[in-house]
Amino acid sequence: MDNIKYAVESILFAAGEAVKTAKLAVVLNKTPDEITAAAEELKAEYDRDERGFDIIEINEGYQICSRPQYYTYIREIVGEQRNQPLSNAAMEALAIIAYKQPVTRGVIEKVRGVNSDGCVMRLYERGLIEEAGRLDAPGRPVLYRTTDNFLRCFGLRTPKDLPVIDFKRILPELEDFGEQMAIEQ
């Protein structure tokens with residue numbers, strides 16, 4: 001195949017979700033660097049031609065998505081799909097999960113100081129978090145982490161792209177939080 005960018009484009013279009021670079025490389029019998037170059041070439045082409053969609057990088061993969069400036073038009077055709085904003089409580093829980101993942105509900109509740117069952121359930125239902133296994137401790141509590149959908153919604157490539165926060169400065173009463181997490185994990 002001379003030009004792999006159109007094969008990459010068609011796979012991303014058909015998939016409808018992020019596809020890992022490594023998987024694209026295997027399927028197309030190319031190196032990950034060749035896949036990255038093809039995706040970047042497509043991205044530049046879309047920008048140059050002012051296309052209505054873009055390729056975004058998510059968790060070592062790529063996805064085709066519509067450009068944010070066209071959201072209002074898309075919404076008119078597709079309709080509102082659960083466009084309710086997250087509550088402050090859900091945003092707090094999501095931030096804790098994002099920064100401390102994988103994390104148990106108990107840790108979330110310790111940081112927030114209140115029961116977080118409802119928040120965690122709403123985040124799970126919206127596909128912003130997922131189960132990441134179970135903690136090897138009494139009761140085997142579920143560990144949660146963020147999803148690719150979370151990264152897409154917040155415009156991040158990986159969880160490492162989250163802004164740096166000095167938790168000790170913001171919440172000095174949780175100075176032993178890191179030590180407690182190490183004990184629980």
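The values are calculated or read from the model by the stated rules, or taken from the named source; none is laboratory data. Not measured: the values here are computed from a predicted model. Please note: Cβ atoms are built from the backbone with ideal geometry, for glycine as well, and neighbour counts cover all protein chains shown. For accessibility, only protein heavy atoms count, side chains too; no ligands or nucleic acids. Shrake-Rupley method; radii C 1.70, N 1.55, O 1.52, S 1.80 Å.
Odds and ends about this structure:
- Test: Glu80 is of a type in the set (D, E, K, R) and at pLDDT 90 or above: no
- Residues (open to solvent by 90 Å² or more (accessible area, probe 1.4 Å) and either at pLDDT 95 or above or not polar (S, T, N, Q) (or both)) located in the range 29-40: Asp33
- For the range 14-32, a residue qualifies if it is among the aliphatic types (A, V, I, L, M) and either more than 23 Å from the chain's Cα centre (by Cα) or part of a helix (DSSP H, G or I) (or both), and the qualifying residues are Ala14, Ala15, Ala22, Leu24, Ala25, Val26, Val27, Leu28.
- Glu57 vs. criteria part of a helix (DSSP H, G or I), closer than 23 Å to Asn149 by Cα and not aliphatic (A, V, I, L, M): no
- The sole residue among Ala132, Ala98, Ala90 that is closer than 30 Å to Ile64 by Cα and in contact (Cβ under 8 Å) with a residue 60 or more places away in the chain is Ala98.
- The set of residues in the range 19-28 being more than 21 Å from Arg152 (Cα to Cα) and open to solvent by less than 50 Å² (accessible area, probe 1.4 Å) consists of Ala25, Leu28.
- Scan the range 107-125 for residues that are under 22 Å from Leu162 (Cβ atoms) and either touching a Cys at 6+ places or on another chain (Cβ under 9 Å) or part of a helix (DSSP H, G or I) (or both) and the total you get is 11.
- Odd one out for Ile74, checked against (1) in contact with a strand residue (DSSP E or B) (Cβ under 9 Å, 6 or more places away or on another chain); (2) within 20 Å of Pro159 (Cβ to Cβ); (3) in a helix (DSSP H, G or I); (4) open to solvent by 50 Å² or more (accessible area, probe 1.4 Å): (2)
- The range 58-71 residues that are among the small types (Gly, Ala, Ser), paired with ones that are in a strand (DSSP E or B) (beta carbon under 6 Å, 6 or more apart): Gly61/Val19; Gly61/Lys20; Ser66/Phe53
- Note on the range 138-185: enclosed helices (runs of 4 or more DSSP H) holding 3 or more residues that are over 16 Å from Met91 (Cα atoms) and modelled with pLDDT under 90 are 167-170, 177-184.
- The residues of the range 1-13 that are assigned to a helix (DSSP H, G or I) and either farther than 15 Å from Phe53 by Cα or open to solvent by 20 Å² or more (accessible area, probe 1.4 Å) (or both), listed by number, are Lys5, Tyr6, Ala7, Glu9, Ser10, Ile11, Phe13.
- Of the residues Gly52, Gly61, Gly16, the single one that is buried (at least 16 other Cβ atoms within 10 Å of the Cβ) and over 30 Å from Asn115 (Cα atoms) is Gly61.
- Residue satisfying all of: in the range 87-106; in contact with a Leu (Cβ under 7 Å, 6 or more places away or on another chain) and not in a helix (DSSP H, G or I); most open to solvent (accessible area, probe 1.4 Å) among these: Pro102
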